[in-house]
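Below is one structure, written out as structure tokens, with a few remarks after it.
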Amino acid sequence: MTTISKIILPVLATTLLTACGGGSGGGSGATPPVVTAPQFTVDGASAGLQPVSLEVAEGQIFVASVSVSKGSISIAANSADAEAFEFSGGTVSFKTAPDFENPGDADSNNIYTVRLEASAEGVTAGVTLNVSITDVAEPNGRVIDGPVANAQIFVDNNCNEQLDDGEASGVTDSKGYWQLPVDASFEPSEEGCVVKIVAIGGTDTQTGKSLPNQVLVSDLPKDRSKPVVVTPLTTVIASIESEEEKGQVLEALGLESTSVEDLLTTDVWAAAEEDLDETATEEQKAAKEKAKAVQRVNAQVATII
């Protein structure tokens, strides 16, 4: 080995070792950690494409279950409808149940927008929810003697025929129609009570007679989506316990073709008063005659209850 080689080779070796971090195998500086943003899950699904669209029926409080991979969730104050919501225990909820007929969102279009955020390790992430409110058919119907206006109507949850705290109520309009809040409860509050609809007072729109002491009652139909009529005849039927006996009473009154369910859900006043022209079908004519028969019995019962 030449003298030059003896000098150059150690220098090269030292240079290479230095470039590789020396003989210890370690780098000269630590690799910076990878920081990931908090990841949101909505109702068990990863919140990918945003906004996340949800539907909530009017009258309901619960919106969604929301979780995050790290950090604590809070509602972004600058959300369009932040004030309408609250977040607690992993659940997003409305503070007050939404009403489809009376939108409370910023755009008054029944679509509420709220953003949830979480921060961890200096990184903030969020998920935006668009919550659409769907319409729900409120319990409704009609009070008929003639049509009864301004009657107090309520769900009798404890079977005392009196309006008590917590029982859903309303007032009939000028044609006897009524509507209860969408969150009306039809569950009994007393053991053994069979919940009914009760109408008290009002004015007969056909005679103009005030009926301050009149109490009319109706059973709830099996199909809760249908309007409920409250009449003198439904009051008699509601006082009978068994379905079989109810049917027997209708048959004894000459209404054998009318089922209890039909009695509770058919607006006999409107059907009896309907104008039919020459194009009316036999079925329509028969339905009118059936309604007139029921209304005649209603009028007769009204004189004795």
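When restricted to residues that are in a strand (DSSP E or B) and farther than 18 Å from Ala118 by Cα, segment 56-75 contains 4. Does segment 121-132 contain any residue that is within 23 Å of Arg224 (Cβ to Cβ), in contact (Cβ under 8 Å) with a residue 12 or more places away in the chain and not β-branched (Val, Ile, Thr)? No, segment 121-132 contains no residue that is within 23 Å of Arg224 (Cβ to Cβ), in contact (Cβ under 8 Å) with a residue 12 or more places away in the chain and not β-branched (Val, Ile, Thr). Take Asn150 and tell me if it is in the same structural domain as Ile237 (by TED's automatic domain parsing), over 21 Å from Val236 (Cα atoms) and at pLDDT 95 or above. Yes, satisfied. With respect to the numbered conditions (1) closer than 30 Å to Ile111 by Cα; (2) crowded, with 18+ Cβ neighbours inside 10 Å; (3) touching a residue at least 24 places away in the same chain (Cβ under 8 Å), which one is the sole condition not fulfilled by Asn157? Looking at each condition in turn, Asn157 falls short on (1).
Filtering segment 76-92 to residues that are in a strand (DSSP E or B) and either outside the structural domain of Val52 (by TED's automatic domain parsing) or crowded, with 18+ Cβ neighbours inside 10 Å (or both) leaves Phe85, Val92.
Of the residues making up segment 114-130, none is crowded, with 16+ Cβ neighbours inside 10 Å, assigned to a loop (DSSP other than H, G, I, E, B) and in contact with a Ser or Thr (Cβ under 7 Å, 6 or more places away or on another chain).
Could you pull out the residue among Val198, Val182 that is crowded, with 20+ Cβ neighbours inside 10 Å, aliphatic (A, V, I, L, M) and either within 18 Å of Thr231 (Cβ to Cβ) or not assigned by TED's automatic domain parsing to the domain that holds Val236 (or both)?
After applying the criteria, what remains is Val198.
Regarding Val297, is this residue out of contact with any Lys or Arg (no Cβ under 8 Å at 6 or more places or on another chain) and in a helix (DSSP H, G or I)? When the stated conditions are applied, Val297 passes them. Cβ-Cβ distances below 8 Å connect the following pairs, each with a first residue in segment 172-186 that is touching a residue at least 60 places away in the same chain (Cβ under 8 Å) and at negative phi, a second residue that is surrounded by 18 or more Cβ atoms within 10 Å (Cβ to Cβ) and not in a loop (DSSP other than H, G, I, E, B), and a separation of six or more residues or different chains: Pro181/Gly170.
The set of residues from segment 271-284 being touching a residue at least 12 places away in the same chain (Cβ under 8 Å) and surrounded by fewer than 18 Cβ atoms within 10 Å (Cβ to Cβ) comprises Ala271, Glu274, Leu276. The condition of being at pLDDT below 90 and either outside any loop (DSSP other than H, G, I, E, B) or surrounded by fewer than 12 Cβ atoms within 10 Å (Cβ to Cβ) (or both) holds for only one of Gly21, Gly29, that being Gly29. Scanning segment 61-73 for residues that are surrounded by 13 or more Cβ atoms within 10 Å (Cβ to Cβ) and under 17 Å from Ala47 (Cα atoms) turns up Val63, Ala64, Ser65, Val66, Ser67, Val68, Ser69, Lys70, Gly71, Ile73.
Condition check ((1) loosely packed, with under 15 Cβ neighbours inside 10 Å; (2) over 33 Å from the mean Cα position of the chain (by Cα); (3) not assigned by TED's automatic domain parsing to the domain that holds Asn157) across all residues:
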| residue | (1), (2), (3) |
| --- | --- |
| Val229 | no, no, no |
| Thr235 | no, no, no |
| Ile240 | no, no, no |
| Glu251 | yes, yes, no |
| Gly254 | yes, yes, no |
| Val260 | no, no, no |
| Ala287 | no, yes, no |
| Lys290 | no, yes, no |
| Val297 | no, yes, no |
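The residue that is nearest to the chain's Cα centre (by Cα), among those in segment 37-49 that are surrounded by 14 or more Cβ atoms within 10 Å (Cβ to Cβ) and closer than 16 Å to Asn130 by Cα, is Val42. With respect to Val148, is the statement that it is more than 25 Å from Gly59 (Cα to Cα) and in contact (Cβ under 8 Å) with a residue 24 or more places away in the chain true? Answer is yes for this residue.
So for segment 203-214 (the condition being among the hydroxyl-bearing types (Ser, Thr, Tyr), in the same structural domain as Phe154 (by TED's automatic domain parsing) and part of a loop (DSSP other than H, G, I, E, B)), does at least one residue qualify?
yes
The values are calculated or read from the model by the stated rules, or taken from the named source; none is laboratory data. Everything numeric here is computed off the predicted structure, so don't read it as measured data. All Cβ positions, even for glycine, are placed from backbone atoms using ideal geometry, and neighbour counts span all protein chains on display.
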